[in-house]
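Worksheet for the structure shown next.
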Amino acid sequence: MEFRSLPAAEYLTFLSRNRNASFLQYPSWAGVKDHWRSETVGWHHPDGEIAGAALVLYRQFPGTRKYFAYLPEGPVADWSDPYLDRWLTPLLRHLRAAGAFAVRIGPSPAYRRWDAAALKAATGPGRQLSDVLATGVDPVGTALADRLRTRGWRRCGGEDDGDAQPRHVFRVPLAGRSVDDLWSGLNQEWRRNVRKAEKAGVRTVLGTAADLPEFHRLLGITEQRDGFRLGRSLAYYEQQYAVLNAEAPGRMRLYLAVHEGEVLAAHTMITAGRRVWYQTGASADHRREVRPSNALQWRMLRDAHALGADEYDMRGVPSTLDPAERSFGLLRWKLGTGGHVVETLGEWEIPLDGYANTALYKAFQAYLARR
């Protein structure tokens, strides 16, 4: 196949026909990551039809003219093709010519899947997802992992929860289901909490860019309460909201849960093709008994269904099944929606050929570890 750069319009046309691509592969994401140089590239059949494509982000290594090439949750390719080299070889050749010293990709196939019921039954001290027999195993993902390893690619994060993107995600299937099916899929606690929010008068509304400062304030409270740090500024979310919605109105939405005139929770949602993602959630420390976050998620699930999405991706979950672990609470909360945990194939890296590139790759890893 021929491999070359693609104009943004041609790239977007390809994505419109491949509606399962991640929002991280849309050109707008390059506008969010404005400290990276970007390029859209594609593979072409002999007749000129595009067979696959990718958004590539280039991060310059300080003090050099060399770049780390990153394809977040990409490329968009036929990963079931047994002839993997006809995809990877031209890609790596192109990236090396562009000045890349190493490459990270995020292939789309899943690896394993666990249904909520199986995981609820398996919780216990010291338990991990890997201790539980998977409900399903994706043969494409399994074969692809072996093929990448034999070609020298390294899985980022080893067997842990991942690196830049979460290894384990939680997804609620929507295709072929009615809203009543979604409601019955919630566990008893979730249904009770949604009703409690409704009875307390919690309203769920769509916010605007003007509400992002309140979202960011609540996010700071949430990070401190739950012991994590995203490190994103208000300007980052303002730019994300503006850039994504400039590409497609409604691509990024901000949902607010309002009780007695006060915003108690704010969640962001991203739509691309036939997929919807719950991206980031924030909530206040007080009046949690009126369950604003449950109310928001139930609204967002229904809106995703109304948009015709095939699935609602609630993004990352930890790999622990130990109720004593602080992070388990996030998994427990998402399990209540009745979906399933998916172990994605994860992200994979490789230094490009040459001693200098290998040495620079090791230096780059050390640089990232110190940040």
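Assorted remarks:
- Enumeration of residues in segment 117-154 that are open to solvent by 30 Å² or more (accessible area, probe 1.4 Å), assigned to a strand (DSSP E or B) and farther than 30 Å from residue 38 by Cα: 128, 137
- Among (1) under 27 Å from residue 356 (Cβ atoms); (2) surrounded by 16 or more Cβ atoms within 10 Å (Cβ to Cβ), the one test that residue 97 misses: (2)
- Selection count where residues are part of a loop (DSSP other than H, G, I, E, B) and closer than 18 Å to residue 34 by Cα, scope segment 216-254: 4
- Identity of the residue in segment 308-319, more than 17 Å from residue 346 (Cα to Cα) and in contact with a strand residue (DSSP E or B) (Cβ under 6 Å, 6 or more places away or on another chain), that ends up surrounded by the fewest Cβ atoms within 10 Å (Cβ to Cβ): 311
- Count of segment 253-294 residues which are open to solvent by less than 10 Å² (accessible area, probe 1.4 Å), farther than 25 Å from residue 199 by Cβ and among the hydroxyl-bearing types (Ser, Thr, Tyr): 1
- For first residues located in segment 336-359 and farther than 25 Å from residue 137 by Cα, partners that are open to solvent by 10 Å² or more (accessible area, probe 1.4 Å) and of a type in the set (A, V, I, L, M) and lie 6+ apart or on another chain with Cβ distances below 7 Å form the pairs 352/92.
- Within segment 3-48, the set of residues being farther than 21 Å from residue 166 by Cβ and of a type in the set (Phe, Trp, Tyr) comprises 3, 11, 14, 43.
- Among the residues making up segment 60-81, those that are surrounded by fewer than 17 Cβ atoms within 10 Å (Cβ to Cβ) and out of contact with any helix residue (DSSP H, G or I) (no Cβ under 8 Å at 6 or more places or on another chain) are 60, 63, 65.
- Qualifying residue in segment 269-292 (condition: over 30 Å from residue 96 (Cα atoms), assigned to a helix (DSSP H, G or I) and either among the aliphatic types (A, V, I, L, M) or touching a Ser or Thr at 6+ places or on another chain (Cβ under 9 Å) (or both)): yes
- Neighbours by Cβ (under 9 Å, 6+ apart or cross-chain): first from segment 65-93, closer than 18 Å to residue 50 by Cα and acidic (Asp, Glu); second in a loop (DSSP other than H, G, I, E, B) and open to solvent by 30 Å² or more (accessible area, probe 1.4 Å): 85/151
- Of all residues in segment 14-28, those that are assigned to a helix (DSSP H, G or I) have Cβ atoms under 9 Å from Cβ atoms of residues that are surrounded by fewer than 23 Cβ atoms within 10 Å (Cβ to Cβ) and among the charged types (D, E, K, R), 6 or more apart or on another chain, in 23/73; 23/251; 23/275; 24/73; 25/73; 27/247; 28/247; 28/251.
- Test: residue 310 is of a type in the set (Asp, Glu) and at pLDDT 95 or above: yes
- If you go through segment 265-307 and pick out every residue that is on the phi > 0 side of the Ramachandran plot and at pLDDT 95 or above, you end up with 1.
- One residue stands out among those in segment 2-35 that are closer than 11 Å to residue 272 by Cα and touching a Phe, Trp or Tyr at 6+ places or on another chain (Cβ under 8 Å): the one that is surrounded by the fewest Cβ atoms within 10 Å (Cβ to Cβ), which is 15.
- Count of segment 301-336 residues, restricted to those that are under 16 Å from residue 272 (Cβ atoms), of a type in the set (D, E, K, R) and part of a helix (DSSP H, G or I), is 1.
- Selection status of residue 114, in contact with a Ser or Thr (Cβ under 8 Å, 6 or more places away or on another chain) and either crowded, with 16+ Cβ neighbours inside 10 Å or of a type in the set (A, V, I, L, M) (or both): yes
- Screening segment 187-215 for residues that are open to solvent by 40 Å² or more (accessible area, probe 1.4 Å) and in a strand (DSSP E or B) and picking the one that is farthest from residue 257 (Cα to Cα) gives 206.
- In the set (1) part of a strand (DSSP E or B); (2) more than 21 Å from residue 169 (Cβ to Cβ), the condition left unmet by residue 54 is number (2).
The values are calculated or read from the model by the stated rules, or taken from the named source; none is laboratory data. Every value quoted in this text rests on a predicted model; they were computed, and no experiment measured them. Here the Cβ is made from the backbone with ideal geometry for all residues, glycine too, and neighbour counts use every protein chain on show. Heavy atoms of the whole protein, side chains included, go into the accessibility calculation; ligands, DNA and RNA do not. Shrake-Rupley method; radii C 1.70, N 1.55, O 1.52, S 1.80 Å.
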